[in-house]
1. For residue 34, state whether it is more than 23 Å from residue 179 (Cα to Cα) and either in contact with a helix residue (DSSP H, G or I) (Cβ under 7 Å, 6 or more places away or on another chain) or in contact (Cβ under 8 Å) with a residue 24 or more places away in the chain (or both).
2. Let me confirm something: among 219, 174, which residue is modelled with pLDDT of 95 or more, in contact with a helix residue (DSSP H, G or I) (Cβ under 9 Å, 6 or more places away or on another chain), within 27 Å of residue 10 (Cβ to Cβ) and not assigned by TED's automatic domain parsing to the domain that holds residue 99?
3. On the basis of being surrounded by fewer than 21 Cβ atoms within 10 Å (Cβ to Cβ) and more than 23 Å from residue 167 (Cα to Cα), does residue 15 make the cut?
4. Select from region 171-224 the residues that are within 16 Å of residue 145 (Cα to Cα), assigned to a loop (DSSP other than H, G, I, E, B) and in contact with a strand residue (DSSP E or B) (Cβ under 8 Å, 6 or more places away or on another chain) and list them in ascending order.
5. Any chance region 147-156 includes a residue that's modelled with pLDDT of 95 or more, more than 13 Å from the chain's Cα centre (by Cα), assigned to a strand (DSSP E or B) and not assigned by TED's automatic domain parsing to the domain that holds residue 61?
6. Any residue in region 25-42 that is modelled with pLDDT of 90 or more and closer than 19 Å to residue 175 by Cβ?
7. I'm trying to understand the selection: among the residues of region 53-87, which are within 13 Å of the chain's Cα centre (by Cα) and without any contact (Cβ under 8 Å) to a residue 60 or more places away in the chain?
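The values are calculated or read from the model by the stated rules, or taken from the named source; none is laboratory data. It should be emphasised that the depicted structure is a prediction, and the values quoted were computed from it without experimental measurement. We place every Cβ from the backbone using ideal geometry, glycine too, and count neighbours over all the protein chains shown.
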């Protein structure tokens, strides 16, 4: 049977009256019962969204270009940069020999599974969905919020769209990828799944200082599409 992914924070999120839905083999949070107006305001100001159940995978190897070409993906040679693809997948190059693929939250069914990476391409998969949490922080206050937890300057004029940083956040190793949604600032944060509760608590504390709000996928889909409604 296929694995059904859900957040490791289910108990904490249910305390907030999370509403769930199955999407592409994952249980995701659509919303927490907030109004459309509150959701849109929070999304533009500062929101915190758990994307951990959604598909993602890492790939390592000496000939990644052969594999990306076989999938019609276009990935540049610049490391610590993310490349948006024709099918909505976002590919972050972490080093010359390592990529990380993230599903499009608006269409999470489009992603490469770890089992689909053939050894013939001299590559091997890294199961990021098992090993890493995935959060999104959106809105104009998100760079200032991050400044409380991270030494990297994430201000929009310095950390341009699709920039990627492998850094420390709240004293834990993490990857930050900027991937704006239309004109709304959006930062993806990924780190070791064993620290997810600690990071959830740290970010909630920082978000609360800016009147931010925990949201679900409905907030992202209001700008990108109907999935998860």
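1. Criteria met by residue 34.
2. Working: 219 fails: modelled with pLDDT of 95 or more.
Step by step, each of 219, 174 is checked, and only 174 is modelled with pLDDT of 95 or more, in contact with a helix residue (DSSP H, G or I) (Cβ under 9 Å, 6 or more places away or on another chain), within 27 Å of residue 10 (Cβ to Cβ) and not assigned by TED's automatic domain parsing to the domain that holds residue 99.
3. Judged against the criteria, residue 15 is a match.
4. Correct list: 185, 212.
5. Yes, there is a match, as at least one residue in region 147-156 is modelled with pLDDT of 95 or more, more than 13 Å from the chain's Cα centre (by Cα), assigned to a strand (DSSP E or B) and not assigned by TED's automatic domain parsing to the domain that holds residue 61.
6. No; the residues of region 25-42 include none that is modelled with pLDDT of 90 or more and closer than 19 Å to residue 175 by Cβ.
7. Passing the criteria: only 53.
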